[in-house]
Amino acid sequence: MSVLIDLLLAILTVYLALQCLLAQRLSQSVFLFFAFGLALALAWVRLGAVDVAITEAAIAAGFMGVLFLDALRDFSPAVSENQEDLKAVQNPPSKNATKSLLLPRLALGLGLGLFLLIALEAVWKTPDGGGLTAAAVALLPESGVEHPVTAVLLNFRAYDTWLEIGVILLGLLAIYAAGGINLYRKPGVAAKDPLLRQVILFSTPVLFLFGAFLLYFGKTGPGGAFQAAVLWGAIGIMLHLGGWPVFAVLPRWLGQLILTLGLGFFLVLGFLFMARGDALFEYPPAYAGILILIVETLAAISIAAALTTIYANINQMQEEPKQNESTT
Amino acid sequence: METYQIYILTSAVLFVIGMGGVFMARHFIKKIIATIIMGGGVFLCFVSFAQRDALTFADPVPHALVITGIVVAVASAAFALALARRIYQLTGEESFTNDK
């Protein structure tokens, strides 16, 4: 019975991925991408990885889907249809073009098929290494938390997590660079729909509480800094949509401080441990629990701020051409 | 057939679908989605092996790596999306074309 569920879920995931890439309209692709992310999250629950499922559903399907949806306004289907019409008028589709595409497509199909066989054989025959479960279980009492995934993320492999917070910040800087500095701060336009504003105001404290719960619950069960950060980031995104752009209201130095708080505190903590003669991010077992909670909270605040700012920046990108049209 | 074996095979299929999408898709957004699907295949492979090596609970190290990986993948995809929108703004093109 359970094998049947897994088989159905596997087929669904593959089907959604295929449909997502084969869909004619861009909006179809984006919505199928949402569905694909959620199906993948279900697969992770089946594999016993609840933390990964929450992260996938929240960040990969939710946040990325919101960014894609926002991009749809830019690459609107009407525009692309117009362009295709224009192209069709300028150079009518010739049979030569389709013929010349046939050979590369055939080669690509053959290559992908071959690659699929090799990949299937490789994953099927991967030798059983035993994994690191036993090592993680043995060290769990010293880590200061009870949930093994949180212990690995914030204690055993804290260095990876620190680098990851840095990568998010780096992504934000790169988006600033791509968008231009003139997009940095813009006052929001208040949402006209009073119902929307009320719903946003109502769900803000609920989301905040739920995020705080996930953050604290990460100590004993699935949850933690990243899951909480996405919920808090969702607050920022919703406030932005409702016309209260958080980081345009706050003073600039305060926004920058919030963005770098998680990374900076983590780093200072690591160097303090090194000054004591321990390794980088080697928590003393007596204080590990409380230190991890502080680091998680600050990291969650920083990541939430970074996600909000990424969304706000990408959202404001599309408003620039209109200004150019009005000035020229 | 064990649960993890089903998902290991699925992960290989997903990776290949994503790779085909990266080559075949024309629009920027579809290319970005294809890379995320490719990444999903890799993560699924990791988590499947974590389930195989489970004792009382699944191996936590691949789980932590996958959580890290998802966030990094999303950060890079967001950057790619920002670049795509910038290219669209400046040139009006939605895909890489050989015309010019």
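Can you say whether A:Leu67 is at pLDDT 55 or above and surrounded by 13 or more Cβ atoms within 10 Å (Cβ to Cβ), as far as the supplied structure shows?
yes
Which residue, of B:Phe49, B:Phe43, is modelled with pLDDT under 90 and either of a type outside the set (A, V, I, L, M) or within 17 Å of the chain's Cα centre (by Cα) (or both)?
B:Phe49
Does A:Leu16 meet the test of being in contact with a strand residue (DSSP E or B) (Cβ under 8 Å, 6 or more places away or on another chain) and either in the same structural domain as A:Thr309 (by TED's automatic domain parsing) or aliphatic (A, V, I, L, M) (or both)?
no
Which ones in the stretch A:106-127 are under 31 Å from the mean Cα position of the chain (by Cα) and either in the same structural domain as A:Leu18 (by TED's automatic domain parsing) or part of a loop (DSSP other than H, G, I, E, B) (or both)?
The answer is A:Thr126, and nothing else.
Would you point out which residue out of A:Phe217, A:Phe210 is without any contact (Cβ under 8 Å) to a residue 24 or more places away in the chain, within 16 Å of A:Leu153 (Cα to Cα) and either within 22 Å of the chain's Cα centre (by Cα) or away from every other protein chain (no Cβ under 14 Å) (or both)?
Matching residue, one of A:Phe217, A:Phe210: A:Phe217.
Among the residues of the stretch B:1-30, write down those that are closer than 21 Å to A:Phe31 by Cβ and without any contact (Cβ under 8 Å) to a residue 40 or more places away in the chain.
Across the stretch B:1-30, the qualifying residues are B:Leu14, B:Ile17, B:Gly18, B:Gly20, B:Gly21, B:Val22, B:Met24, B:Ala25, B:Lys30.
Pairs only if they're at least six apart or on different chains, beta carbon under 7 angstrom, first in the stretch A:303-318 and more than 8 Å from every other protein chain (Cβ to nearest Cβ), second not in a helix (DSSP H, G or I); list them, first residue then second.
If the second residue must be not in a helix (DSSP H, G or I), the pairs left are A:Ala312/A:Pro245; A:Gln316/A:Lys186.
The values are calculated or read from the model by the stated rules, or taken from the named source; none is laboratory data. Source: prediction; values computed, not measured. Every residue, glycine among them, receives a Cβ derived from its backbone with ideal geometry; neighbour counts consider all protein chains shown.
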